[in-house]
Amino acid sequence: MSAYDDDTTPLARAAEQSVLARSGHLHRDTPAPRPGATRVFVVANQKGGVGKTTTTVNVAAGLAQLGQRVLVIDLDPQGNASTALSIDHHRGVPSTYDMLVDGQPLAEVMSQSEDIPGLWVVPATIDLAGAEIELVSMVARETRLQTALAGHPWVGTAATAGEERFDYVLIDCPPSLGLLTLNALVAGREMFIPIQAEYYALEGLGQLLETVEMVRKHLNQDLVVSTILLTMYDARTRLAAGVASEVREHFGPEVLKTAIPRSVRVSEAPSYGQTVMTYDPASAGALSYLEAAREIATKGAPR
C-alpha cells in the first residue's frame with residue numbers, strides 16, 4: 001500500500017499520481033480486469049463541441065494503458081480521431097469508407113498505433129463524406145458496420161475470440177444523425193454520451209435519445225445508454241455544478257463519477273498528433289481521462 005493511499009490527504013495523493021505519471025509508472029502494476037466479451041461503445045452527441053472525439057481517443061488510450069485491447073473506429077469524415085491517434089488518413093489509405101461502402105474486411109483497414117500498445121484504429125478519410133449518399137441505395141445499409149465487426153475474429157467472447165479479442169471497440173460518430181451514425185447505433189451495444197458542463201448541455205440530447213429508442217425498437221434491441229461523461233468541467237463556476245447536478249439527477253448511475261476538467265493540454269495534444277495521455281500524462285486532463293477509463297472498466301457491461 002502507498003503512503004499516500006489515505007483519502008484524508010488528497011493533495012498528497014494528487015502529487016504522487018503526478019510523479020508516477022511523469023515517470024511512466026502510473027497504474028502499470030494495476031491493470032483493469034478484462035471483460036468476458038468485446039464491449040462495443042457508440043460515442044455520439046449530435047451537438048458539436050462537446051468533446052466527443054477528444055473523449056473517444058483519450059478514453060481509448062486510457063483503456064489501453066490499463067491493459068485492455070482497444071479498437072477505435074473513426075466514422076467522422078473530418079478524421080479528427082485519426083489525427084489525434086497519429087494514424088495516416090489521406091485519400092487512398094484503407095479506411096472506414098472502404099469497409100462500409102466497398103465491403104472490405106475490418107482486418108484490412110485497421111492499423112496498430114505506434115505510440116500506444118494495445119490500440120488499433122480504423123481511420124476516416126475525406127472519401128467518407130460521400131458515404132452517406134452512397135449508402136442510401138445499398139442493401140442492408142444500416143447493418144454494414146455490424147457485419148464488418150461480426151466478421152473479425154477478434155470480436156466476441158473469451159470462448160469464441162480467445163485472448164487476442166478486442167476488449168473495447170469505440171466508434172467515434174459524426175455530429176449528425178445520418179446513416180453513418182445509424183450504422184454505429186446498430187453495431188453497438190452501449191451508448192457513450194459526452195456532455196459539456198455548460199448551459200446548452202442537454203440541447204439536442206432529447207432528439208438523440210429518441211433516435212436511440214427508435215433504433216432499439218426496430219434495429220437493435222440490445223442498445224442501452226450505459227455511460228455519460230461530463231466534459232469541460234469548470235469547478236469554479238456555479239453553472240457547471242448546476243449542470244452536473246441536473247445531469248446526475250436525470251441519468252443517475254450512468255453518469256461517471258469522474259468529470260473531465262477544462263484543460264489547455266487536452267486541447268493542445270491533437271495538434272501534435274497525440275492524445276493527452278501521451279502528450280502530458282501528468283496533466284489534470286490525462287489523469288481524469290485515465291480515471292474515467294478505469295471507472296468504465298470497473299463498472300462492467302450492462303446486463
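Residues that are among the hydroxyl-bearing types (Ser, Thr, Tyr), part of a helix (DSSP H, G or I) and within 20 Å of residue 300 (Cα to Cα) within segment 156-186 comprise just one, 160. Scanning segment 241-257 for residues being crowded, with 19+ Cβ neighbours inside 10 Å and either over 21 Å from residue 285 (Cβ atoms) or among the hydroxyl-bearing types (Ser, Thr, Tyr) (or both) gives a total of 1. For residue 186, the stated conditions hold: it is farther than 22 Å from residue 256 by Cβ, surrounded by fewer than 23 Cβ atoms within 10 Å (Cβ to Cβ), modelled with pLDDT of 90 or more and touching a Ser or Thr at 6+ places or on another chain (Cβ under 8 Å).
Filtered by the rule that a residue be touching a Gly at 6+ places or on another chain (Cβ under 9 Å) and more than 21 Å from residue 152 (Cα to Cα), segment 68-88 gives 77, 83, 84, 85, 86. Inspection of segment 248-266 identifies at least one residue that is in contact (Cβ under 8 Å) with a residue 40 or more places away in the chain and within 22 Å of residue 113 (Cβ to Cβ).
Kindly evaluate residue 150 against the criterion of being out of contact with any helix residue (DSSP H, G or I) (no Cβ under 8 Å at 6 or more places or on another chain), modelled with pLDDT of 95 or more, more than 19 Å from residue 68 (Cβ to Cβ) and surrounded by fewer than 18 Cβ atoms within 10 Å (Cβ to Cβ). Here the answer is yes, as residue 150 does meet what is asked. Check segment 113-126 and report whether any residue there is in contact with a Pro (Cβ under 8 Å, 6 or more places away or on another chain), free of Cβ contacts under 8 Å to residues at least 24 places away in the same chain and surrounded by 21 or more Cβ atoms within 10 Å (Cβ to Cβ). Looking through segment 113-126, none of the residues is in contact with a Pro (Cβ under 8 Å, 6 or more places away or on another chain), free of Cβ contacts under 8 Å to residues at least 24 places away in the same chain and surrounded by 21 or more Cβ atoms within 10 Å (Cβ to Cβ). Listed by first and then second residue, the pairs linking a residue in segment 158-183 that is of a type in the set (Phe, Trp, Tyr) to a residue that is outside any strand (DSSP E or B) and surrounded by fewer than 23 Cβ atoms within 10 Å (Cβ to Cβ), with Cβ atoms under 7 Å apart and 6 or more places separating them unless they lie on different chains, are 166/69; 166/154; 166/155.
Give me the residue from segment 221-240 that is among the aliphatic types (A, V, I, L, M) and surrounded by fewer than 16 Cβ atoms within 10 Å (Cβ to Cβ) and, out of that set, modelled with the lowest pLDDT. Here the answer is 235.
Residue 215 versus (1) within 13 Å of residue 44 (Cβ to Cβ); (2) of a type in the set (A, V, I, L, M, F, W, C); (3) touching a residue at least 60 places away in the same chain (Cβ under 8 Å): which is the lone unmet condition? Failing condition for residue 215: (3). Please find, among 123, 35, the residue that is modelled with pLDDT of 95 or more, within 17 Å of residue 155 (Cα to Cα) and out of contact with any Lys or Arg (no Cβ under 7 Å at 6 or more places or on another chain). Result: 35 is the single residue among 123, 35 that is modelled with pLDDT of 95 or more, within 17 Å of residue 155 (Cα to Cα) and out of contact with any Lys or Arg (no Cβ under 7 Å at 6 or more places or on another chain).
The values are calculated or read from the model by the stated rules, or taken from the named source; none is laboratory data. All values reported here derive from a predicted model rather than from experimental measurement. Quick reminder, even Gly has a Cβ in these numbers, built from the backbone with ideal geometry, and neighbours come from all protein chains shown.
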